[in-house]
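K.L.:
Can you keep this structure in mind? I'll have questions shortly.
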Amino acid sequence: MAEKKYFTVPSGQDLQVLRGSRLSSRSSDYIVEDLVGNGAFAKVAKCVKSATKEMVALRVVKIHTKSDLQREHEILLKLRYFNPDECNFVKWHCSFMYKRHLCQEFELLDMSLREFVTMRPTRSLHLKEIETILYQLATTLEVLKRLQVAHSDLKLENIMLVDHVRQPLRVKVIDFGSACNASNTAHGAYIQTRWYRAPETILGLPCSEAIDMWSLGCIAAELFLGHPLYPGSCEYQMLQFMIQTQGQLPGYFLSAGLKTSLFYWRTWINMWTFKKPHEYGTVPFPYNNCMIGSLDGLKEIHQRPDRHLSKTEAVVDEADLENFVELVKQMLHLDSTKRITPSQVREHPFMTQRKLIAKEDESNTVHTQPQETRNATFALTT
């Protein structure tokens, strides 16, 4: 997959991927059974691989540059040094060119986390379920951090359940099309989906792998609330919501941003005043509002109690909420250099307290999650 083999697909020459279509590589044909995803840059089809008769996911890239495709390919090659089942990212099999389109074969997964929570009446999950998912995602982010890679588009749609019936809450991260080497990310680059976009991305500061931790914090809050934490309709409103829940961003932080002057007036050295809506310009009327006044307001969200919990576990549930909110606050630290790291997430009391209490509870009638999901060996050797 050398760079010279990649081509930018001209506009208007989008490859039609329909049920019954046949796409071919040198080693196999792929018969499309269904189109399961269609985004701005790629579409994903559920296919039968003729050579092996197995079901796979085939990602067909629409319009991209050679350098972007090469960058993604290099990151996928780096990930091959790690076990995708233990590190919770989608398994990549191969790539090939078909009619000037890059096609990538991946393992077939079940449904996105977005689809899964939509099936819930409240569109939210219990803290025990959130703990299970966050632990797995922190494991993935630890791998990426060691590779100095930022996924750059972590959101519910890019987190897939492996099999929501046979392996409840077992998840994997997908779509590395926006992934990049964190040290090479251009200042002010347009990355991350808006609702999960870190403040340093909005303001045009140097970005690191910490932008993914910000996204993970937004995901954690959304899974708990049942709706996005910061549902801004533009970047100005995103900053409004951040200020509402966490206070003003540090002056030294604002002074380093290439785009800070779009949203703030500079009043003195390292002193900035957030622009009023009419000073900023046209601000779309918010179709959603930030529903809490501060991150501590998450503690006021009461989930339905589980009648099957023992007294010990009920106490753990109460402590879990405190620990969960503290974890979210550390994930969403406005200063990226002070944001919690993936390894610290895995050792946070929100992850460890329930396990410790369970050992003391002789009845041990409720298990928080499948052993193979929660305690999978984390291999980081190459």
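The values are calculated or read from the model by the stated rules, or taken from the named source; none is laboratory data. For clarity, every value in this text was computed on a predicted model and none was experimentally measured. Quick reminder, even Gly has a Cβ in these numbers, built from the backbone with ideal geometry, and neighbours come from all protein chains shown.
K.L.:
Restricting attention to the stretch 193-227, and to residues there that are within 13 Å of the chain's Cα centre (by Cα) and not in a helix (DSSP H, G or I), which single residue is farthest from SER336 (Cα to Cα)?
P.N.:
Among them, the one singled out is THR193.
K.L.:
Further, regarding this structure: Just one of LYS329, LYS276, LYS299 is at pLDDT 95 or above, assigned by TED's automatic domain parsing to the domain that holds LEU223 and within 27 Å of ILE211 (Cα to Cα); which is it?
P.N.:
Just one listed residue meets the conditions, LYS329.
K.L.:
Just to confirm my filter: which helices (runs of 4 or more DSSP H) fall fully inside the stretch 83-190 and include at least 3 residues that are in the same structural domain as TRP214 (by TED's automatic domain parsing)? Walk me through how you get there before you give the answer.
P.N.:
On the way: elements: 84-87, 113-118, 127-146.
Correct list: 113-118, 127-146.
K.L.:
If a residue must be among the hydroxyl-bearing types (Ser, Thr, Tyr) and assigned to a loop (DSSP other than H, G, I, E, B), how many such residues does the stretch 15-45 contain?
P.N.:
Residues in the stretch 15-45 being among the hydroxyl-bearing types (Ser, Thr, Tyr) and assigned to a loop (DSSP other than H, G, I, E, B): 4 in total.
K.L.:
From the set of residues in the stretch 46-95 that are surrounded by fewer than 15 Cβ atoms within 10 Å (Cβ to Cβ) and among the aliphatic types (A, V, I, L, M), which is nearest to PHE176 (Cα to Cα)?
P.N.:
Here the answer is LEU77.
K.L.:
Here's another thing I want to ask about it. Looking at (1) at pLDDT below 95; (2) under 22 Å from LYS145 (Cα atoms); (3) surrounded by fewer than 17 Cβ atoms within 10 Å (Cβ to Cβ); (4) polar (S, T, N, Q), which is the only condition THR365 fails?
P.N.:
Result: THR365 fails condition (2) only.
K.L.:
Among the residues of the stretch 238-255, is there at least one that is surrounded by fewer than 23 Cβ atoms within 10 Å (Cβ to Cβ), within 27 Å of SER112 (Cα to Cα) and either aromatic (Phe, Trp, Tyr) or outside the structural domain of SER124 (by TED's automatic domain parsing) (or both)?
P.N.:
yes
K.L.:
If you don't mind, another one. Please find, within the stretch 14-38, the residue that is surrounded by the most Cβ atoms within 10 Å (Cβ to Cβ) out of those that are within 28 Å of the chain's Cα centre (by Cα) and farther than 15 Å from VAL61 by Cα.
P.N.:
Checking each candidate, the answer is VAL32.
K.L.:
While we're on this one: Residue by residue through the stretch 39-53, note down the ones that are closer than 16 Å to GLU107 by Cβ, under 28 Å from the mean Cα position of the chain (by Cα) and of a type in the set (D, E, K, R).
P.N.:
Scanning the stretch 39-53 gives a single hit, LYS46.
K.L.:
Then there's this: Any residue at all in the stretch 64-82 that's touching a residue at least 60 places away in the same chain (Cβ under 8 Å), in contact with a helix residue (DSSP H, G or I) (Cβ under 7 Å, 6 or more places away or on another chain), in the same structural domain as SER27 (by TED's automatic domain parsing) and of a type in the set (A, V, I, L, M, F, W, C)?
P.N.:
Checked against the condition, which is being touching a residue at least 60 places away in the same chain (Cβ under 8 Å), in contact with a helix residue (DSSP H, G or I) (Cβ under 7 Å, 6 or more places away or on another chain), in the same structural domain as SER27 (by TED's automatic domain parsing) and of a type in the set (A, V, I, L, M, F, W, C), the stretch 64-82 yields at least one hit.
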